[in-house]
1. Restricting attention to segment 174-187, does a residue exist that is basic (Lys, Arg), surrounded by 10 or more Cβ atoms within 10 Å (Cβ to Cβ) and touching a Leu at 6+ places or on another chain (Cβ under 9 Å)?
2. Could you grab me the full set of residues in segment 97-131 that are among the polar types (S, T, N, Q) and at pLDDT 85 or above?
3. Given the structure, is TYR212 touching a His at 6+ places or on another chain (Cβ under 9 Å) and hydroxyl-bearing (Ser, Thr, Tyr)?
4. Does LEU192 count as part of a strand (DSSP E or B), touching a strand residue (DSSP E or B) at 6+ places or on another chain (Cβ under 8 Å) and in the same structural domain as GLU236 (by TED's automatic domain parsing)?
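The values are calculated or read from the model by the stated rules, or taken from the named source; none is laboratory data. The model shown is predicted, which means the values in this text are computed figures rather than measured ones. Here the Cβ is made from the backbone with ideal geometry for all residues, glycine too, and neighbour counts use every protein chain on show.
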Amino acid sequence: MKSEAANTFISCLDCRHVVNKINFRKHLQGRSCKPNSVSISAYKQDGFYKCPKCSKKFSKNGIASHIWRVHGDGISFNPNRGYKNGSRIVWNKGLSKEMDGRLVVGGKKYSENYHRKYNAGLLIPHRQTVETRRKLSEYAIKQGFGGHTSKHRIIYLRKDGNLIHLQSSYEIRVAEELDKNKIDWDRPNPLLYLDSQGKSHRYYADFYLPSYGVYLDTKNDYLISKDREKLDKVREQNKIKLVILDKNTLLWKSICALLAQ
């Protein structure tokens, strides 16, 4: 239930704005209510209020708070100072639903309210535009973001003493075979390719053999069939030799036979 102050509104005598009682102190400290100042109403444009200090546009509810926080006394205001100096303590710190029934009641109310809004279609997820997604994708590629998407991370100790992350038992077996036969190998950088719709993707091979100029990638039978078109595009567009290893070709002897083809 909202407090009495939350439902109380005051008409400011200086600028004639109707302000919630809780926010009235901030409003008084804003630019519009200082002596000899110009009313915020004079800066209303296209339904928004233009800040007289920095010219940024805000809604009626946001302009007073902006002026107070950015240009007024709110600059030095820190709502967390009480928690930092120990004068305030989070009420539910260290509590569990077994220790305090308020957590059970609060959690139940939150869940019921969420599902009520969801079922009524009131929770509209934020959808990025196609143009925004394109720009984010281009920036991510430029910055080299992303990587292997596998959730499995297996730490492997190489013969040179370095630790490296591998992502499947197939990769572990191949790494052991390469080290056993003193074959130099690296975890390669991603290879870029375009799909049939012209969209750019990155392909991560498992190994690169510098002495052979060959990429190795381990896959099960399902992925070999599923990714056949993608693998052909990676080879064709990057002008590389990419050898796919299945469960029967993980030993160095079998790998050598494929390299010779």
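1. yes
2. Correct list: SER111, ASN113, ASN119, THR129.
3. The answer is no for TYR212.
4. So LEU192 fits the description; yes.
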